[in-house]
Amino acid sequence: MIETTNLTKEFGDVRAVDGIDLTVEKGSIHGFVGPNGAGKTTAMQLIVGLLSPSEGEAYVDGEAAGTIAAKEKIGYSPQEPAFHESMTAKRYLVYMGKTAGMGSRASERADELLDWLDLADAADQTIAGFSGGMRRRLSLAQAMIHEPELLILDEPTAELDPSGRRIIIESLEELTEEGMTVFVSSHVLAELEQFIDTVTILKEGRLVETNDVSAIQSEYGGQAFSIETSDDERVVALLDGREWITEVRIEDDGIIVATDQPDEFKSELQSLLAEEGILLEGLAEEGSLEEAFADIMAGGEAE
């Protein structure tokens with residue numbers, strides 16, 4: 001769905017994007033990560049066609065980036081979305097849909113998206129009064145109004161509370177089940193790795209790693225464990241906040257724990273569960289995207 005060759009963008013003496021060769025498969029959710037200033041937003045704007053490359057090429061489903069044919073395939077939600085503040089949410093989406101050539105279908109599509117993103121009750125409210133979370137969801141709706149084949153989302157969960165982030169994440173998971181391609185950047189890596197298939201990591205404008213998430217997790221440093229117990233919710237409450245735990249969360253198949261003291265964790269876990277009378281049903285070591293990212297940024301990438 002996305003293919004770039006030697007994609008480069010210079011601003012004066014600064015090379016913001018430096019020769020990126022990238023492939024994003026159709027129907028996947030592809031994460032795009034890197035520290036501030038790594039070139040993520042610039043690269044996304046090159047693919048969307050908002051910027052022209054200094055060198056190299058980018059294609060969207062075989063169409064040159066920036067052409068009308070390529071833009072018709074893309075829904076884009078920028079890091080800092082801007083709206084017509086005096087419009088209501090429904091009117092804004094209908095306006096954007098008609099601008100994209102949807103005609104009478106725009107109103108029905110706007111209603112579908114407002115309902116899907118839990119904004120139906122705010123359909124007739126002016127955007128000026130929207131909270132940050134509502135604006136993020138409206139930006140996603142705007143990106144999807146014309147039923148694109150590719151969604152490009154720049155930090156879609158930035159500055160959201162946990163409830164707002166969960167709504168966005170669940171929405172994106174539903175989209176991939178329907179076969180849409182999603183290209184998404186985020187700085188919340190523990191959150192991102194829950195729903196992406198593949199990931200590209202940028203450093204100083206250069207691509208330093210691109211692969212399946214599981215492959216990167218296993219290849220680079222980082223200690224994470226998958227746990228199954230007889231009382232997962234209680235175990236999470238017991239582990240949360242302990243000094244040897246950096247993150248703990250419940251997923252569909254058990255508990256995920258990240259730690260910077262793996263030996264201490266394994267020792268203390270056994271004692272803790274025994275004291276509380278909780279049965280340990282499974283313990284498996286996993287990689288952590290966040291720890292892998294830290295290792296790569298420190299220069300520890302594999303040969």
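The values are calculated or read from the model by the stated rules, or taken from the named source; none is laboratory data. Fair warning: this is a prediction, and the values are worked out from it, not measured in the lab. Cβ: placed from backbone, ideal geometry, glycine included. Neighbour counts: every protein chain shown. Just so you know, the surface numbers come from the protein's heavy atoms only, side chains and all, with ligands and any DNA or RNA stripped out. Shrake-Rupley method; radii C 1.70, N 1.55, O 1.52, S 1.80 Å.
Suppose accessible area is computed on protein heavy atoms with a 1.4 Å probe; arrange 14, 199 from highest to lowest.
Details: 14 90, 199 0 Å².
Largest to smallest exposure gives the sequence 14, 199.
Please report, in debye to the nearest 20, how large the charge dipole of segment 185-261 is about its Cα centre when each Lys and Arg carries +1 at its beta carbon and each Asp and Glu carries -1 there. Kindly include the intermediate steps, with their values, before the conclusion.
Values: 5 positive and 18 negative charges, 69 e Å.
With Lys and Arg at +1 and Asp and Glu at -1, about 340 debye.
Quick one: net charge around residue 5, please, counting Lys, Arg +1 and Asp, Glu -1 for every other residue with C-beta under 11 Å from its C-beta. Show your work: numbers first, answer last.
Details: positive: none; negative: 3, 21, 55, 57.
With Lys, Arg at +1 and Asp, Glu at -1, the neighbours total -4.
Ignoring any ligand, DNA or RNA, what whole percent of the accessible area of segment 136-244 comes from carbon and sulfur when the probe is 1.4 angstrom? Please report the intermediate quantities before stating the final value.
Numbers: 1620 of 4330 Å².
About 37 percent, which is the carbon plus sulfur part of the accessible surface.
Send over a whole-number figure in Å² for the accessible area per residue of the chain, probe 1.4 Å. Present the calculation step by step, with values, prior to reporting the outcome.
Numbers: 14240 Å² over 303 residues.
Result: 47 Å² of accessible area for each residue.
Over the alpha-carbon set of the chain, divide Rg by the Kirkwood Rh and report the Rg/Rh ratio to two decimals.
Working: Rg = 21.2 Å, Rh = 20.9 Å.
Reported Rg/Rh (Cα atoms, Kirkwood Rh): 1.02.
Can you check what the net charge comes to around residue 123, using other residues whose Cβ is under 10 Å from the Cβ of residue 123 (Lys, Arg +1; Asp, Glu -1)? Mind dumping the intermediate values first?
On the way: positive: 90, 91; negative: 111, 115, 121, 124.
Net charge around residue 123: -2.
With +1 on the Cβ of every Lys and Arg and -1 on the Cβ of every Asp and Glu, and nothing else charged, how large is the dipole of segment 32-75 about its Cα centre, in debye rounded to the nearest 20? Don't skip to the end; give the middle numbers.
Numbers: 3 positive and 5 negative charges, 40 e Å.
That gives segment 32-75 a dipole magnitude of about 200 debye.
With only Lys, Arg, Asp and Glu charged, each at its Cβ (+1 for the first two, -1 for the last two), find how big the charge dipole of the chain is about the Cα centre; round to the nearest 20 debye. Please list the in-between numbers first.
On the way: 22 positive and 62 negative charges, 378 e Å.
Computed charge dipole of the chain: roughly 1820 debye.
DSSP beta bridges in the chain, what fraction antiparallel, as a percent rounded to 5? Intermediate results must be reported in sequence, preceding the final value.
Values: 36 of 53 bridges.
Of the beta bridges lying entirely in the chain, close to 70 percent run antiparallel.
Go ahead and set up a Gaussian network model of the chain, Cα springs under 10 Å, then flag whichever of 25, 243, 209 fluctuates most.
It is 243.
Any idea of residue 15's accessible area? Nearest 10 Å², probe 1.4 Å.
For residue 15, the solvent-accessible surface is approximately 90 Å².
Counting only protein heavy atoms and using a 1.4 Å probe, what share of the accessible area of segment 51-123 belongs to carbon plus sulfur, as a whole percent? Present the calculation step by step, with values, prior to reporting the outcome.
On the way: 1800 of 3910 Å².
That share works out to 46 percent.
Considering the options 66, 292, 269, tell which one lies farthest towards the positive end of the dipole of the chain, charges being +1 on Lys and Arg and -1 on Asp and Glu at the Cβ, about the Cα centre.
66
Just the accessible area for residue 206, please: 1.4 Å probe, Å², rounded to the nearest 10?
110 Å²
Sum up the charges of everything whose Cβ sits under 11 Å from the Cβ of residue 34, counting Lys and Arg as +1 and Asp and Glu as -1, but leave residue 34 out.
On the way: positive: 40, 203, 206; negative: 204, 209.
Once all neighbours under 11 Å are counted, the net charge is +1.
Expressed as a rounded percentage, what relative contact order does segment 135-288 have, with Cα pairs under 8 Å and six or more residues apart? Please report the intermediate quantities before stating the final value.
Values: 188 pairs, mean separation 30.5, N = 154.
That works out to 20 percent.
At q = 0.16, 0.18, 0.21, 0.23 Å⁻¹, what base-10 log of I(q)/I(0) does the Debye formula yield for segment 45-137 when every alpha carbon is treated as an equal point scatterer in vacuo?
-0.76, -0.89, -1.05, -1.14
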